[in-house]
Amino acid sequence: MARTPHVSQTPATRLLRAKGIAFSEHPYDYRHGGGTAHSAQALGLEEYAVLKTLVMEDEAGRPLVVLMHGTHQVVTRELARAAGVKRVAPCEPATAERHSGYQVGGTSPFATRKAMPVYVQESVLSLPRIFLNGGRRGYLIGMEPADLARALSIITVDCARLD
């Protein structure tokens, strides 16, 4: 049986290992702007199960993370309502990198530089397995959705719109 190549540790994988959370490693050839469509295609995964990790800010500049299906967009109005704020918008790439400590295209919700609330689209939790960024470009990790709640304090929301 072919082994998946091991990728050097990231802050995200160190955190997961420290918490005893099992995950699989899925490196692929990163393509700038390829997003979840490219990573899903490169790894033979359903794009719906590949999650986007989005760093956003509210009207006061407070950052938050959203985990969303690769095939869907965030309805920011619904997210703002769930977060109890007036407005939520995506961060500029440099701002997202300052908040998360990760390079855009390699942002993981685990072990971010700043502690941020993590909002998860509720339908993500019904999937048998999810794939999300492991802390570097070209590197996804696979895990059971229930393990998100073991690793992070998550807040479930319904703020998805089909892309």
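The values are calculated or read from the model by the stated rules, or taken from the named source; none is laboratory data. Keep in mind it's a predicted model, so treat the numbers as computed, not measured. No Cβ is skipped: glycine too gets one built from the backbone with ideal geometry, and neighbour counts run over all protein chains shown.
In segment 134-161, how many residues are closer than 22 Å to ALA83 by Cβ, outside any helix (DSSP H, G or I) and in contact with a helix residue (DSSP H, G or I) (Cβ under 8 Å, 6 or more places away or on another chain)? Before you say what the answer is, go through the steps one by one.
Of all residues in segment 134-161, those closer than 22 Å to ALA83 by Cβ come to 145, 148-149, 151-161.
Adding the requirement that they be outside any helix (DSSP H, G or I) leaves 145, 152-161.
Narrowing further to those that are in contact with a helix residue (DSSP H, G or I) (Cβ under 8 Å, 6 or more places away or on another chain): 145, 154-160.
Of the residues in that region, 8 qualify.
Scan segment 54-68 and give yes if some residue there is assigned to a loop (DSSP other than H, G, I, E, B) and either buried (at least 17 other Cβ atoms within 10 Å of the Cβ) or basic (Lys, Arg) (or both), otherwise no. Steps first, answer last, please.
Step one: filter segment 54-68 for residues assigned to a loop (DSSP other than H, G, I, E, B), giving 59-62.
Next cut, either buried (at least 17 other Cβ atoms within 10 Å of the Cβ) or basic (Lys, Arg) (or both) only: 62.
Looking for residues that are assigned to a loop (DSSP other than H, G, I, E, B) and either buried (at least 17 other Cβ atoms within 10 Å of the Cβ) or basic (Lys, Arg) (or both), one finds at least one in segment 54-68, hence yes.
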How about segment 33-81: which of its residues are over 17 Å from the mean Cα position of the chain (by Cα) and either modelled with pLDDT under 95 or of a type in the set (Val, Ile, Thr) (or both)?
none
Those residues that are in contact with a Cys (Cβ under 9 Å, 6 or more places away or on another chain) and surrounded by 21 or more Cβ atoms within 10 Å (Cβ to Cβ), I need them from segment 119-163; list them, please.
TYR119
Every pair of residues 6+ apart whose Cβ atoms lie under 9 Å, when the first sits in segment 89-105 and is on the phi > 0 side of the Ramachandran plot and modelled with pLDDT under 95 while the second is among the aliphatic types (A, V, I, L, M) and exposed (fewer than 14 other Cβ atoms within 10 Å of the Cβ)
none
